[in-house]
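Here the structure comes first, spelled out in structure tokens, and everything after it is commentary.
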Amino acid sequence: MKILFIGGTGIISSACAPLALERGHEVHLMIRGTPSNVRAPSPGARVLKADARNAEQARAALGNEHYDAVVDFVAFTPEHIRSDLDLFRHRAGQFVFISSASAYHKPVRHLPITESTPLHNPFWQYSRNKAACEELLVDEYRRQGFPMTIVRPSHTYDETLLPFSAGGTVFKRILDDKPVIVHGDGTSLWTLTHHRDFAVGLVGLLGNPKAIGEAFHITSDESVPWNEIFLAMGRAAGKTPRLVHIPSDVIAEADPEWGDGLLGDKAHSVIFDNSKIKAVVPDFDPTIPFHVGAREIAAFHLEHPDFAPLEPDRDALIERLIDRFSVRA
């Protein structure tokens with residue numbers, strides 16, 4: 001197949017592009033800027049230097065190309081989807097929108113989460129925008145037969161992505177033996193998916209007729225308590241983190257942006273039923289547990305200490321909140 005990835009050097013797509021190439025597909029990457037040395041374009045992929053949100057620039061880069069599958073990793077608002085529809089309505093045998101599992105109903109009503117779980121997130125605008133994108137595509141499929149597929153990742157990571165908000169700051173605190181904040185009591189369950197596992201599911205949907213008009217989440221089968229996520233990162237760095245538990249709504253009151261991601265996503269236990277993606281892509285079988293991923297993440301950031309920027313304001317806020325919620329010896 002001929003495949004176009006819009007945003008082909010990000011955390012998720014940087015595993016999907018090489019797997020597609022490995023399976024013999026022709027891969028084009030539409031990239032807006034100059035990618036970092038950490039995630040350079042996959043050797044063998046053709047790079048189209050263009051901003052997909054700039055219609056004139058994108059059309060010039062695409063020329064007369066037609067693709068068996070187009071995957072947009074960087075569409076976040078309905079305006080982005082409308083632009084995609086204008087660009088690819090007659091250029092794509094399949095259009096795949098990378099949505100977000102954070103769009104599922106919050107607070108969580110029942111577990112496990114399936115693709116039929118309603119989309120409703122009153123806490124986080126990011127999630128509501130993703131749901132609105134999905135609505136546009138579903139409408140286009142129903143009215144015009146537009147060959148769309150919706151994919152919902154949930155916290156997909158590579159070695160560069162620390163699992164915490166303000167990751168570089170929190171990781172530095174762990175390395176410096178300073179206490180760190182865990183939301184709630186740290187026992188809520190979270191699902192972290194290695195990007196190489198995710199890629200198997202995503203690439204298996206491309207050109208797959210069973211995927212047209214459907215939505216899939218693609219996640220790990222493993223759910224890990226937040227306490228263990230912090231402890232696993234500490235062990236991987238040779239440290240034992242000092243955890244201070246603070247209610248999510250207190251964090252949200254102190255820092256609304258941090259709080260949006262908690263109340264709208266990470267503060268809720270999530271367990272996903274992956275039977276739908278496994279039925280359509282039989283070789284999808286996530287095999288990388290987080291304790292293995294944590295070692296990759298820690299090794300990368302110990303070798304690249306300046307990769308994740310420090311945030312002095314967040315560090316100061318962490319100190320203030322810890323002063324309120326812990327007794328120091």
A correct Kirkwood calculation over the Cα atoms of the range 17-92 returns a hydrodynamic radius in Å of 13.3
Helix-only CD estimate at 222 nm, as mean residue ellipticity for the chain, using -39500 (n - 2.57) per DSSP H run (n ≥ 4): -11500 deg cm²/dmol
Of the trypsin sites (Lys or Arg not before Pro) in the range 70-123, which ones lie in a loop per DSSP and count no more than 16 other C-beta atoms within 10 Å? ARG89, ARG91, ARG109
What is the set of long-range amide H partners of ALA92 at a cut-off below 5 Å, with H atoms built 1.01 Å from backbone N? TYR67
At 0.36 nm per residue, minus the direct Cα-Cα distance, what do ASP86 and GLN125 gain on full extension? Give it in nm, one decimal, please. 11.6 nm
Run the numbers on the chain and let me know its relative contact order in percent, using alpha-carbon pairs under 8 Å that are six or more apart. 18
Isotropic mean projected area of the C-alpha convex hull, the range 116-188 (nm²): 7.6
Between THR156 and residues 5 or more places away or on another chain, the pairs with built amide H atoms under 5 Å apart involve THR193
What nm value, rounded to one decimal, do you get for the distance between GLU26 and GLU303 when each label is placed 7 Å out toward the C-beta? 3.5
Over its Cα atoms, what ratio of radius of gyration to 2.2 N^0.38 Å does the chain give? 1.01
To the nearest whole percent, what portion of all C-alpha pairs in the range 180-304 is separated by more than 25 angstrom? 38
For HIS245, list long-range residues whose amide hydrogen, built 1.01 Å from N in the peptide plane, is under 5 Å from its own amide hydrogen. VAL182
Once you charge only the Cβ atoms, +1 for Lys and Arg and -1 for Asp and Glu, what is the size of the charge dipole of the chain about its Cα centre, to the nearest 20 debye? 260
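None of the figures in this text is laboratory data; all of them are computed from the coordinates on show. Just so we're clear, the structure is a prediction, and the values are computed from it rather than from any experiment. Glycine gets a Cβ as well: all are built from the backbone with ideal geometry, and neighbour counts include every protein chain shown.
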